[in-house]
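Only one structure is covered here, and it is reproduced in the block below.
The values are calculated or read from the model by the stated rules, or taken from the named source; none is laboratory data. Because the structure is predicted, anything quoted here is derived from the model rather than measured. Cβ atoms come from the backbone with ideal geometry, glycine included; neighbour counts cover every protein chain shown. The protein model used for the area step is the full one, side chains on, heavy atoms only, and it has no ligands, DNA or RNA in it. Shrake-Rupley method; radii C 1.70, N 1.55, O 1.52, S 1.80 Å.
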Protein chains: 2
Amino acid sequence: MLDPVSRIRRFNRAVTSEVGALDTGFLGRGRPLGVARVLNAIGHGRADVADIRDYLGLDSGLMSRFLRSLEEEGLVETVPHAADARRRVARLTPAGEREFEAYEALSNARAQALLARHPKPDALLAAMDLVASALGRDRVSVVEADPACPEARHCLGEYYAELGRRFERGFDVALSRDPDAADMRRPRGAFLIATSDGIPIGCVGLKGTGGTAAEIKRLWVSPAARGLRLGRRLMEAAEAAARDLAVEVLRLDSNSALVEALALYRATGWSEIERFNDDPYPDLFFEKRL
Amino acid sequence: MLDPVSRIRRFNRAVTSEVGALDTGFLGRGRPLGVARVLNAIGHGRADVADIRDYLGLDSGLMSRFLRSLEEEGLVETVPHAADARRRVARLTPAGEREFEAYEALSNARAQALLARHPKPDALLAAMDLVASALGRDRVSVVEADPACPEARHCLGEYYAELGRRFERGFDVALSRDPDAADMRRPRGAFLIATSDGIPIGCVGLKGTGGTAAEIKRLWVSPAARGLRLGRRLMEAAEAAARDLAVEVLRLDSNSALVEALALYRATGWSEIERFNDDPYPDLFFEKRL
DNA sequence: AGCATTAGCTGACTTTAGTCAGATACCTTC
DNA sequence: GAAGGTATCTGACTAAAGTCAGCTAATGCT
């Protein structure tokens, strides 16, 4: 087998020139790269000036000049922050929106061209997800979200599909005790999503009762991100949310086909208990006191 | 399923910051990035000044200044090209070698750290190979090489391993008519290797007789690079080499398990003929007149 | 031999990115 | 309401990268 390090370095070289090409694409619209990056950060929903500065790693003076330059071009306008008049909030003008869309079109066209000329686009995407997860493991963030938002629905869809593959007789949500979304929202419960650069790669639900007991549901980690201790991080966040809601006892049901999850529960202080529901899918039941 | 384009763009972001981190690592040795890149290009075997300039996309004036700066540091020396006194050839001094090694150690340490903390390093490497092949398909070069060089041996090893997996009863080189390496070297034959950024990803052998007949052997394409028409390119290069050797008739033997190769032969003017050897593995035989 | 071409070098220049020290206005806390 | 801290802005600066025209010397071609 070839030296792993030289394989990685070949990858670096291939990707460096691709990234370089992307940068020159950004330069293609007659604007320096730094300014274009700020415009795109705003277009992607970053509004707070400090947030953009932090995301792009810019000096405050430089950031200020980039913003002035975008304002002079008529692409961006800044207004004071509603709650703190020291801070400023940036947003695109209609002209800025059009310019942002032009950048998006450039990136999208590149991405589509890459996929279109590849014989196995699905395999290529899966490989890119795996690499992106490996490289970006330090940039994964776990945040509370609504269990009905698009990101949550994506995670749940993947979760059901995975159960369908794992269980011998498949999986049908309708037969399972699907928790009411309201039970996974504050103040009764919570729903947590792990994202990497905006892409959802894992989730967990905390189904509350309003009392001191709650249940962990829907723990899922994207195949590309497995082994990176994301499940553990999600469970820790769910337990923290439970403590925050004054929950004292957590329960969960699981299935012996879900070996990674079972190993995680056993390693993090969960103890097996008797069956506590009549859902047809689970065959193992756990409890943890907080 | 998530939008493929946003998955690719997440990949781009993950990789951009990785590449950026690598660049700042390169800056850690107190030398501007441009100069460091030239030093590394020379260390990686690029000697011709014009070649380096082309590879790094530099203006000739800038390139010249970078070289002067490296010469002043005592890391590089330039001498006139043996055949063309206008051109210059750069090479590392012993001090330059040491400095280059220090950069190499930095890159290698990064790569090893990435692998070490990943749960499935083999899967990660395979994914990186696939992505690198997809991105670098325009940078694949097919060159003649010695059939006993390390790159060729790597390809042949992978080829035998693949046959072992594909054939029901496995594959043992000792039982096959392994061509003598001398038959795949000029002036009797040729051996061609496809490389992507220095990594071998495919090969083909032309086994000559010294007369007007020759045989195609050992056509192999790395799994990560399949579907990118590399097999076709290798065969075209082999046919060109055969014409160059005044070969008029090409033959080859194959096996019905090698479906991609068979499709390629049938699509590129080969016609099936009677068995022409008693090798135990092949069950299909082809011929092509040049 | 004569002439266009090529590779590399040099000097003068611009653009871009980034740094740093105040200045200003605002916020939080005591 | 004073003190100390924070977010942003401005001006003055530097480093690095890149551009461009013109130069020299060697080469290829007729």
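Structural remarks
- When the helices of the protein assembly as shown are scored as -39500 (n - 2.57) per DSSP H run of n ≥ 4 and the total is divided over every residue, the value at 222 nm lands at -15000 deg cm²/dmol.
- Whole-angstrom gap from the stretch A:190-239 to the stretch B:234-290, using each part's C-alpha centre: 56
- Note on chain A: percent of Cα-Cα distances in each 5 Å bin, starting at 0 and stopping at the bin with the largest distance, equals 1, 5, 9, 12, 14, 13, 11, 11, 9, 8, 5, 2, 0, 0.
- Span from the the stretch B:115-172 Cα centroid across to the the stretch A:1-72 one, whole angstrom: 33
- At a threshold of 50 Å², the residues of the stretch B:135-161 that become less accessible to a 1.4 Å probe in the full protein assembly than in their chain on its own are B:Leu135, B:Arg137.
- Relative contact order [Cα under 8 Å, 6+ residues apart], the stretch B:76-147, whole percent: 15
- Starting from the label point of A:Gly210 at 7 Å along Cα→Cβ, the same points in the other copies fall at 9.7 nm, in ascending order.
- Alpha-carbon gyration tensor eigenvalues x 5, square-rooted, for the protein assembly as shown, Å: 50, 37, 21
- Other protein chain C-beta atoms within 10 Å of residue C-beta, averaged over A:119-126: 5.
- Counting heavy atoms of the protein chains alone, A:His154 has an accessible area of about 40 Å² for a 1.4 Å probe.
- Rh (Kirkwood; distinct C-alpha pairs) - the stretch B:105-200, Å: 16.1
- Partnerless Cys - chain A, beta-carbon criterion under 4.7 Å: A:Cys149
- Principal axis analysis of the Cα atoms in the stretch B:4-117 yields extents of 52, 30, 22 Å, listed in decreasing size.
- Each other copy holds its own label point for A:Pro187; taking that point as 7 Å from Cα along Cα to Cβ, the gaps run 9.5 nm, nearest first.
- Those trypsin sites (Lys or Arg not before Pro) in the stretch A:1-110 that DSSP places in a loop and that have at most 16 other beta carbons within 10 Å: A:Arg29, A:Arg86, A:Arg87
- Long-range tail of P(r) for the stretch A:211-290 (Cα pairs > 18 Å, %): 40
- Where chain B is rotated onto chain A, the residue of B whose Cβ comes nearest the axis, and that gap in whole Å, is B:Ala127, 2.
- For chain A, the relative contact order works out to 11 percent when only alpha carbon pairs closer than 8 Å and six or more residues apart are counted.
- Distances between copies of B:Thr78, taken at a point 7 Å out from Cα along the Cα→Cβ vector and listed shortest first: 4.5 nm.
- Solvent-accessible surface of the protein assembly as shown, taken per residue with a 1.4 Å probe and all protein chains present: 48 Å².
- Across the protein chains, with a 1.4 Å probe defining accessible surface, the residues A:Leu135, A:Leu106 rank A:Leu106, A:Leu135 from largest area downward.
- Nearby lysines by direct alpha-carbon distance to A:Lys207 (threshold 20 angstrom, same-chain neighbours under 8 apart not counted): A:Lys217, A:Lys288
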